[in-house]
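A.B. asks: One structure, pasted below without further comment.
The values are calculated or read from the model by the stated rules, or taken from the named source; none is laboratory data. The shown structure was predicted, so the numbers you read here are calculated from the model rather than taken from an experiment. Cβ coordinates were reconstructed from backbone atoms using ideal geometry, including for glycine residues, and neighbour counts include every protein chain displayed.
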Amino acid sequence: MNPENNAIMKSSPKGEYEKAELFQGSYRTGRQMRYPVFLLLVILVSAAVFTACREEDRDEDLLEFGMGHLLNNTELQAFGEKLFFDSNLSTPSGQACATCHGPEAGWSGPDSEINAKGAVYEGAVKGRFSNRKPPSAAYATYSPVFSAMLEEGELLFVGGNFWDGRATGYLLGNAAADQAQQPFLNPVEQNISDEKGVVEKVLNSDYSDLYHKIAGDIWNIDDIASCEDLNMQFGIIGLALAAFEHSDRVNAFTSKYDYYLRGKVRLNPQEEKGMDLFRNKGLCAECHPMDILEDGTPPLFTDFTYDNLGMPANPDNPWYSMDKSFNSEGSEYRDPGLGGFLKQLPHYAMFAEGSLGMHKVPTLRNVDKRPSPDFVKGYGHNGYFKSLEEIVHFYNTRDVLPLADEVDDPIPGINCWPEPEIAQNINLDELGDLGLTAEEEDAIVAFMKTLSDGYELPGN
């Protein structure tokens with residue numbers, strides 16, 4: 001499947017990748033049909049007619065204008081970096097974007113003790129927690145605007161940000177920019193009362209001069225403080241955060257695997273074996289494409305789609321004990337994922353039931369990035385798994401081992417697995433019974449450890 005790409009220009013730290021795409025990745029095949037056939041037929045026919053009309057009218061000289069004029073602007077990136085690390089941008093003060101997205105942990109949860117348990121981070125107000133672990137902010141800017149696409153008659157939802165896709169990109173033209181605005185206003189995160197409150201905090205910061213300068217340089221706004229367009233004031237903040245997240249500091253492309261693709265380093269035998277298993281027997285590359293695209297874009301290790309992996313609920317998730325005003329279901333809560341978001345969209349609500357339990361396929365870049373060997377990372381939307389070894393073993397044996405309630409002395413991963421958090425719409429095609437040996441599982445883990453940015457070339 002070859003959707004239209006939203007192209008931007010980007011230079012890597014080494015100048016070797018000249019063009020990047022806001023959307024890339026192969027799509028998966030062979031998954032179960034999830035949605036009503038008659039609706040798919042309507043969509044297929046409509047898409048065919050639309051495509052035919054587009055082909056007749058297309059001017060071959062037209063080039064799509066992407067978001068590069070903003071995301072690659074160094075002034076905007078510098079402003080966004082200040083915003084990202086500013087712990088005053090919460091009520092009460094003390095919570096920054098970096099609180100949940102630390103660079104030392106691959107721009108994800110930077111607290112080992114939290115990751116080792118519930119994996120969900122406390123907000124600015126003590127005792128308030130969200131329901132999911134923080135995804136990585138790195139490489140998030142490449143996710144396309146949320147949409148539905150067809151692959152061989154199967155409807156796939158693609159793009160957006162957050163685990164459930166609710167940061168669509170419809171507002172600011174980039175899903176990461178839409179995402180960047182939402183935690184400020186979320187009462188279980190940064191808890192600022194409204195957009196005006198965010199703008200006022202930025203205007204009162206010690207870097208407000210950057211806000212004024214980029215508003216004038218890019219948007220021709222003489223005085224951003226007196227601007228009467230709150231949407232513009234707040235929008236610039238979201239776009240600046242996305243620009244920082246698109247910078248070389250966050251999207252570094254400096255892993256061992258990147259240098260291997262550039263011919264500057266070799267993988268060891270175990271890593272090479274894992275790379276082959278990742279692509280073939282392990283089926284990992286079906287959802288986490290690993291090849292450089294024809295235009296030179298480095299692989300992002302996600303296809304930006306959604307899946308229910310049959311992952312267990314995390315019993316330590318603090319969301320279960322949240323006040324009823326936030327979580328009315330208490331311990332009975334089960335994360336609806338994409339299905340919960342689609343329910344709110346009239347044009348996609350008919351597909352909500354078939355999307356329950358699905359969460360966005362995360363990038364595997366920086367999947368093992370950690371400040372020390374004993375640092376714990378959580379894996380999955382709820383952080384149930386605490387090591388790459390655990391989650392790879394789950395992918396391999398989910399459908400081989402019995403459920404925990406079917407054995408007398410359940411030991412997850414040894415003689416059973418807990419029941420899935422949502423038992424509907426589970427991906428049965430690309431995981432569950434892969435037939436990998438313990439040695440092969442270890443090799444896949446070894447390969448995934450080559451995807452962390454900050455690799456130092458021998459001799460440097």
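A.B. asks: Report yes if G459 is in contact (Cβ under 8 Å) with a residue 60 or more places away in the chain and either among the aliphatic types (A, V, I, L, M) or assigned to a loop (DSSP other than H, G, I, E, B) (or both), otherwise no.
C.D. replies: Taking the combined requirement at face value, the residue does not satisfy it.
A.B. asks: Return the total of residues in the range 271-308 being touching a residue at least 40 places away in the same chain (Cβ under 8 Å) and more than 19 Å from R365 (Cα to Cα).
C.D. replies: Counting residues in the range 271-308 that are touching a residue at least 40 places away in the same chain (Cβ under 8 Å) and more than 19 Å from R365 (Cα to Cα) gives 3.
A.B. asks: Exactly one condition in (1) within 18 Å of C287 (Cα to Cα); (2) crowded, with 19+ Cβ neighbours inside 10 Å is false for L150; which is it?
C.D. replies: (2)
A.B. asks: While we're on this one: Could you go through the range 325-343 and let me know if any residue there is under 22 Å from G106 (Cβ atoms) and not small (G, A, S).
C.D. replies: Scanning the range 325-343, I find no residue that is under 22 Å from G106 (Cβ atoms) and not small (G, A, S), so the answer is no.
A.B. asks: Also, I was wondering about something else. For the range 193-208, check the following and say yes or no: at least one residue is more than 27 Å from Y139 (Cβ to Cβ), charged (D, E, K, R) and not in a helix (DSSP H, G or I).
C.D. replies: yes
A.B. asks: Sticking with this one: What number of residues in the range 199-230 are loosely packed, with under 13 Cβ neighbours inside 10 Å and out of contact with any helix residue (DSSP H, G or I) (no Cβ under 8 Å at 6 or more places or on another chain)?
C.D. replies: Within the range 199-230, residues that are loosely packed, with under 13 Cβ neighbours inside 10 Å and out of contact with any helix residue (DSSP H, G or I) (no Cβ under 8 Å at 6 or more places or on another chain) number 7.
Residue by residue, here is whether (1) among the aromatic types (F, W, Y); (2) free of Cβ contacts under 8 Å to residues at least 40 places away in the same chain; (3) not in a loop (DSSP other than H, G, I, E, B) holds:
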{"site": "E75", "(1), (2), (3)": "no, no, yes"}
{"site": "A78", "(1), (2), (3)": "no, no, yes"}
{"site": "K82", "(1), (2), (3)": "no, no, yes"}
{"site": "S93", "(1), (2), (3)": "no, yes, no"}
{"site": "V125", "(1), (2), (3)": "no, no, no"}
{"site": "P144", "(1), (2), (3)": "no, no, no"}
{"site": "A148", "(1), (2), (3)": "no, no, yes"}
{"site": "L156", "(1), (2), (3)": "no, no, yes"}
{"site": "W163", "(1), (2), (3)": "yes, no, no"}
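A.B. asks: Filtering the range 368-398 down to residues that are assigned to a loop (DSSP other than H, G, I, E, B) and of a type in the set (D, E), which residue is nearest to D335 (Cα to Cα)?
C.D. replies: Top of the filtered list is D368.
A.B. asks: Among the numbered criteria (1) under 26 Å from A98 (Cβ atoms); (2) assigned to a loop (DSSP other than H, G, I, E, B), which single criterion is violated by L241?
C.D. replies: Looking at each condition in turn, L241 falls short on (2).
A.B. asks: Ok, one more. Any residue in the range 347-359 that is crowded, with 18+ Cβ neighbours inside 10 Å sitting within a Cβ distance under 9 Å of a residue that is at pLDDT 95 or above and β-branched (V, I, T)? List the pairs, counting only those 6 or more apart or interchain.
C.D. replies: L356/I422; G357/I422; G357/I426; M358/T305; M358/I422
A.B. asks: Please indicate, with yes or no, whether at least one residue in the range 403-419 is farther than 25 Å from A137 by Cβ, in contact with a strand residue (DSSP E or B) (Cβ under 6 Å, 6 or more places away or on another chain) and in contact (Cβ under 8 Å) with a residue 40 or more places away in the chain.
C.D. replies: Among the residues of the range 403-419, at least one is farther than 25 Å from A137 by Cβ, in contact with a strand residue (DSSP E or B) (Cβ under 6 Å, 6 or more places away or on another chain) and in contact (Cβ under 8 Å) with a residue 40 or more places away in the chain, which makes the answer yes.
A.B. asks: Then there is this: Could you say which residue among G235, G169 is surrounded by 14 or more Cβ atoms within 10 Å (Cβ to Cβ) and on the phi > 0 side of the Ramachandran plot?
C.D. replies: Only one candidate qualifies: G169.
A.B. asks: Could you please give the count of residues in the range 399-412 that are part of a loop (DSSP other than H, G, I, E, B), of a type outside the set (D, E) and loosely packed, with under 15 Cβ neighbours inside 10 Å?
C.D. replies: The number of residues fulfilling the criteria is 4.
A.B. asks: Any chance you could count how many residues in the range 311-327 are touching a strand residue (DSSP E or B) at 6+ places or on another chain (Cβ under 7 Å) and surrounded by 23 or more Cβ atoms within 10 Å (Cβ to Cβ)?
C.D. replies: Result for the range 311-327: 1.
A.B. asks: Now for a separate question. What about L62, is it over 18 Å from P187 (Cα atoms) and at pLDDT 95 or above?
C.D. replies: no
A.B. asks: Looking for whichever is at pLDDT 95 or above, within 22 Å of the chain's Cα centre (by Cα) and part of a helix (DSSP H, G or I) here; the options are G282, G310, G339. Which one fits?
C.D. replies: Testing whether each residue is at pLDDT 95 or above, within 22 Å of the chain's Cα centre (by Cα) and part of a helix (DSSP H, G or I) leaves just G339.
A.B. asks: Another question, if that's okay. With respect to the numbered conditions (1) among the small types (G, A, S); (2) in a loop (DSSP other than H, G, I, E, B); (3) out of contact with any helix residue (DSSP H, G or I) (no Cβ under 6 Å at 6 or more places or on another chain), which one is the sole condition not fulfilled by S247?
C.D. replies: Single failed check for S247: (3).
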